[in-house]
Amino acid sequence: MRLVKLLANLGYGTRKEVQIAIRNGWVTDRAGQRLKADSKTAHEDILFDDEPLDPPQGMILLLNKPVGYTCSTKDQGRLVYDLLPDRFRYRKPVLSTVGRLDRETTGALLFTDDGTLLHKIISPKAGVPKVYEAELDRPLQGNEAELFASGTMMLESEDKPLKPAELEVLTPQKVRLTLHEGRYHQVRRMFAATGNHVNTLSRIRIGHLGLDGVEEGKWRLLDATDVDKVFGTV
């Protein structure tokens, strides 16, 4: 791929802006030599403004989402993309969230520009578990774990029962819940069906991948081992 197209696809600017950057000497190799539009240099050896390029297509990252951010590129207000480098918005293929967290839910959120990987993670066939911690408005009644694990629980306006989910009671008003599917506002609706209300909700793990070392509002690139953790193969 020509250097101009490569940099434009990675979001470093329009083709015209990238051409200007190349002419200005902002694109070099690791030895500090200026590159030209027709230079043939390995991706890992290219620097833009003295920094290594972002990964090529197939990039996947983990964000620790704070409260108040929407999983969208177009909605009004604060967006999860505001927490990432601006150029990530303009990558081609597009960098998409892997599923969504609502505005008031915090925690683990994946992004990728690999459509095949995205669909593999969210596919019901994959059954990638998602683990949440919730603070409830009222103490548990005591029958929630059995109900959630039954495989017969129905949510309002739906005609298919939920898959069994595992509930771990941490305190009378704090729980950890493992889901094996991803329905709209599922955790909140499950507790609403029991007459309770979720005050705070955080996704702490996707598969076996947790948020270790990723502070709220921060992100990190994932490697092959991390992806294996998502699918529980590590």
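The values are calculated or read from the model by the stated rules, or taken from the named source; none is laboratory data. These numbers were taken from a predicted model, which means no experiment stands behind them. Cβ placement follows ideal geometry from the backbone for every residue including glycine, while neighbour counts extend to all protein chains displayed. Please note that ligands, DNA and RNA were not included when accessible areas were found on the heavy atoms of the full protein model with its side chains. Shrake-Rupley method; radii C 1.70, N 1.55, O 1.52, S 1.80 Å.
Scanning the stretch 55-67 finds no residues that are over 30 Å from Tyr184 (Cβ atoms), open to solvent by less than 20 Å² (accessible area, probe 1.4 Å) and in contact with a Leu (Cβ under 9 Å, 6 or more places away or on another chain). Could you grab me the full set of residues in the stretch 145-162 that are surrounded by fewer than 15 Cβ atoms within 10 Å (Cβ to Cβ) and closer than 23 Å to Leu101 by Cβ? Across the stretch 145-162, the qualifying residues are Glu156, Ser157, Glu158, Lys160. Among the residues of the stretch 1-30, the one identified as modelled with pLDDT under 95 and of a type outside the set (Lys, Arg) is Met1. Taking the stretch 200-215 as the range and being surrounded by fewer than 19 Cβ atoms within 10 Å (Cβ to Cβ), assigned to a strand (DSSP E or B) and of a type outside the set (A, V, I, L, M, F, W, C) as the test, the residues that pass are Thr200, Gly210. All of (1) within 21 Å of Pro66 (Cα to Cα); (2) of a type outside the set (Phe, Trp, Tyr); (3) without any contact (Cβ under 8 Å) to a residue 40 or more places away in the chain hold for His197 with one exception: (3). Out of the stretch 95-111, which residues are among the β-branched types (Val, Ile, Thr) and either more than 13 Å from Leu83 (Cβ to Cβ) or touching a Ser or Thr at 6+ places or on another chain (Cβ under 8 Å) (or both)? Matches in the stretch 95-111: Val98, Thr105, Thr106. Can you tell me which residue in the stretch 103-144 is nearest to Asn199 (Cα to Cα), limited to those that are among the hydroxyl-bearing types (Ser, Thr, Tyr) and surrounded by 13 or more Cβ atoms within 10 Å (Cβ to Cβ)? Going through the qualifying residues, I end up with Thr105. Residues considered: Ser157, Ser150, Ser96, Ser123. Of these, the only one that is among the small types (Gly, Ala, Ser), at pLDDT below 95 and either more than 27 Å from Pro55 (Cβ to Cβ) or touching a Phe, Trp or Tyr at 6+ places or on another chain (Cβ under 7 Å) (or both) is Ser157. Taken over the stretch 149-177, the criterion of being over 12 Å from Ala134 (Cβ atoms), in contact with an Asp or Glu (Cβ under 8 Å, 6 or more places away or on another chain) and not in a loop (DSSP other than H, G, I, E, B) is satisfied by Ala149 alone. Within the stretch 38-63, residues that are under 22 Å from Ser96 (Cβ atoms) reach partners that are open to solvent by 40 Å² or more (accessible area, probe 1.4 Å) and of a type in the set (D, E, K, R) with beta carbons closer than 6 Å, at six or more positions or on different chains, in the pairs Gly58/Asp114; Leu62/Arg220.
Only residues that are among the β-branched types (Val, Ile, Thr) and within 13 Å of the chain's Cα centre (by Cα) were counted in the stretch 60-82, giving 3.
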